[in-house]
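**Q** Can you keep this structure in mind? I'll have questions shortly.
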Amino acid sequence: MHEGEHDARRDDGAQDGAGRHDGPARPAAAGTADVPPPDGPADVRPLDGFTVGVTAARRAEELGALLERRGAQVLHAPALRIVPLSDDAELLATTEDLIGRAPDVVIATTAIGFRGWIEAAEGWGLGEALLARLGAVELLARGPKVKGAIRAAGLTETWSPQSESLAEVLDRLLEEGVRGRRVALQLHGEPLPGFVESLRAGGAEVVGVPVYRWMPPADIGPVDRLLDAAVTRGLDAITFTSAPAASSLLRRAEERGLLDGLLHALRHDVLPACVGPVTALPLEAHEVATHQPERFRLGPLVQLLCQELPSRVRPLTVAGRRVEIRGHAVLVDGVLRPVPPAGMALLRALARRPGWVVSRADLLRALPGAGRDEHAVETAMARLRGALGAPKLIQTVVKRGYRLALDPRVGAKYAEA
């Protein structure tokens, strides 16, 4: 199971505290059908030259493959791990309690969670008893996929909202009246305090069914490497497919004293791509403006990156050539040229004021860990020119520094100081 995903074809849907949901499901195609073929020259893919961080646990390989097929370098850093249902003592205790003391209402929120619950109960020898109990109560399904899982188990739902919204489920229950009723709510990775509090305020006894619970990853190393890359601008984007994963990454950044640096990067340079608005809530609570596809699926999420990242690049005409500076590479007349980190740091410093002279001292400050020796600038500059395959793109201005050989447009003037 993926943190925040409903089933094998839904990539988000973790509800927030008020029971809101990322919206109605749209028809999902399997595999990569959601992503159209990349546009542009056949030898240049839309994500060539960009590096994307992936925080997903489940379906991380699929998401990574979609990104890599479009040219991205992918940094995998699962921000969570999921407790296997069969090992979850809390779920076992809750299941035994519900079998022993029947609820009046059971709310099934996700297909994969409902199926997992039934399978876990079967593994504990409680499958028949749980199905019998669920068949005798009011069973509400949040959406069509959950309905499918319910019917596959030989049960029939009592009702399901058209909107797939837990808010509509809550409205129905409160209109019916819940005082004195016992309501079992299948949780989705995190507690749903707003939903639960509303039911309790109406007089209901609410029993949470923790079909999945998140824990920090067993190996925190990949998450730390992703954080380091983000704050040093070694990433162009980070993808999030669940609110718990976003919260986990923010927590780890705070533990390491990197939260301010991470937030600054996400607000200005590193694109935060969320599969839906609920996933985005932890980031937006920190005033990070996120990007989301119209359809809450992996394919549209990848397509969003294919559109957004190239659109951030401002093409320059330098020494008669078209130049696009991407994350870790440069397109020179449509040919992708990988550039080492030191060279990319110099190139970005020059590109901030294209056509203007940048002193060796300023370029030295732009070099990561270069110290005080300006000879490091000359060495890195030589390697940069070699990587670009067009040495004339960068001009040496004697005793002053370097400049991009920007082709002047009509009426444009470029100072050299």
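Yes/no per residue for (1) open to solvent by less than 60 Å² (accessible area, probe 1.4 Å); (2) within 15 Å of the chain's Cα centre (by Cα):
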position	(1), (2)
Ala280	yes, yes
Arg295	no, yes
Gly299	yes, yes
Leu309	yes, yes
Val318	yes, no
Val339	yes, no
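**Q** Mind telling me which of the residues Ala351, Ala387 ends up being touching a Pro at 6+ places or on another chain (Cβ under 8 Å) and either touching a residue at least 24 places away in the same chain (Cβ under 8 Å) or surrounded by 19 or more Cβ atoms within 10 Å (Cβ to Cβ) (or both)?
**A** Ala387
**Q** I'm checking my understanding of the structure. Among residues of segment 354-376 that are surrounded by fewer than 16 Cβ atoms within 10 Å (Cβ to Cβ) and under 32 Å from the mean Cα position of the chain (by Cα), which one is farthest from Arg233 (Cα to Cα)?
**A** Gly369
**Q** When you go through (1) outside any loop (DSSP other than H, G, I, E, B); (2) modelled with pLDDT under 90; (3) out of contact with any Lys or Arg (no Cβ under 6 Å at 6 or more places or on another chain) one by one for Gly31, which number turns out not to apply?
**A** (1)
Matching residues to (1) open to solvent by 40 Å² or more (accessible area, probe 1.4 Å); (2) among the charged types (D, E, K, R); (3) more than 30 Å from Leu258 (Cα to Cα):
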position: Thr156; (1), (2), (3): yes, no, yes
position: Glu164; (1), (2), (3): no, yes, yes
position: Arg172; (1), (2), (3): yes, yes, yes
position: Arg182; (1), (2), (3): no, yes, yes
position: His188; (1), (2), (3): no, no, no
position: Val206; (1), (2), (3): no, no, yes
position: Val209; (1), (2), (3): no, no, yes
position: Tyr212; (1), (2), (3): no, no, no
position: Pro217; (1), (2), (3): no, no, no
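**Q** Is it true that Leu170 is touching a Ser or Thr at 6+ places or on another chain (Cβ under 9 Å) and modelled with pLDDT of 90 or more? So that I can check it myself, show each step before the final result.
**A** Numbers: touching a Ser or Thr at 6+ places or on another chain (Cβ under 9 Å): yes; modelled with pLDDT of 90 or more: yes.
Yes; evaluated as a whole, the condition is true for this residue.
**Q** Answer with yes or no whether Leu262 is farther than 30 Å from Val106 by Cβ and either in a helix (DSSP H, G or I) or touching a residue at least 60 places away in the same chain (Cβ under 8 Å) (or both).
**A** Numbers: farther than 30 Å from Val106 by Cβ: yes; either in a helix (DSSP H, G or I) or touching a residue at least 60 places away in the same chain (Cβ under 8 Å) (or both): yes.
Yes; evaluated as a whole, the condition is true for this residue.
Yes or no, residue by residue, for (1) touching a Ser or Thr at 6+ places or on another chain (Cβ under 6 Å); (2) in a helix (DSSP H, G or I); (3) closer than 25 Å to Ser248 by Cα:
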site	(1), (2), (3)
Leu281	no, yes, yes
Pro300	no, yes, yes
Cys306	no, yes, no
Pro310	no, yes, no
Arg314	no, no, no
Thr317	no, no, no
Glu324	no, no, no
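**Q** If I go through segment 222-242 residue by residue, how many of them are open to solvent by less than 10 Å² (accessible area, probe 1.4 Å) and either over 18 Å from Phe50 (Cβ atoms) or charged (D, E, K, R) (or both)?
**A** So the answer is 4.
**Q** Within segment 55-112, restricting attention to residues that are open to solvent by 10 Å² or more (accessible area, probe 1.4 Å) and among the β-branched types (Val, Ile, Thr), which residue is nearest to the chain's Cα centre (by Cα)?
**A** Checked segment 55-112; the qualifying residue nearest to the chain's Cα centre (by Cα) is Val74.
**Q** Could I ask something else about it? Among the residues of segment 130-154 satisfying the criterion of being at negative phi and free of Cβ contacts under 8 Å to residues at least 24 places away in the same chain, which is most open to solvent (accessible area, probe 1.4 Å)?
**A** Arg151
**Q** Could you list, in sequence order, all residues of segment 155-194 that are out of contact with any helix residue (DSSP H, G or I) (no Cβ under 7 Å at 6 or more places or on another chain), of a type in the set (Gly, Ala, Ser) and free of Cβ contacts under 8 Å to residues at least 60 places away in the same chain?
**A** Gly177, Gly180
**Q** With open to solvent by less than 50 Å² (accessible area, probe 1.4 Å), in contact with a Lys or Arg (Cβ under 8 Å, 6 or more places away or on another chain) and within 21 Å of Arg45 (Cα to Cα) as the only criterion, which of Val313, Val323, Val275 stands out?
**A** Of Val313, Val323, Val275, the one residue that is open to solvent by less than 50 Å² (accessible area, probe 1.4 Å), in contact with a Lys or Arg (Cβ under 8 Å, 6 or more places away or on another chain) and within 21 Å of Arg45 (Cα to Cα) is Val313.
**Q** Right, here's the next one. Of the conditions (1) surrounded by 21 or more Cβ atoms within 10 Å (Cβ to Cβ); (2) modelled with pLDDT under 95, Ala253 satisfies every one except a single condition; which number is it?
**A** With respect to (1) surrounded by 21 or more Cβ atoms within 10 Å (Cβ to Cβ); (2) modelled with pLDDT under 95, Ala253 is out only on (2).
**Q** If you don't mind, there's one more thing I want to ask. Restricting to segment 283-327, name every residue that is basic (Lys, Arg) and more than 22 Å from Asp269 (Cα to Cα).
**A** Result: Arg295, Arg297, Arg321, Arg322.
The values are calculated or read from the model by the stated rules, or taken from the named source; none is laboratory data. Keep in mind that what you see is a predicted model, and the values were worked out from it rather than measured. Cβ coordinates were reconstructed from backbone atoms using ideal geometry, including for glycine residues, and neighbour counts include every protein chain displayed. For the accessible areas, the whole protein counts, side chains as well, though only heavy atoms, and no ligand, DNA or RNA atoms are used. Shrake-Rupley method; radii C 1.70, N 1.55, O 1.52, S 1.80 Å.
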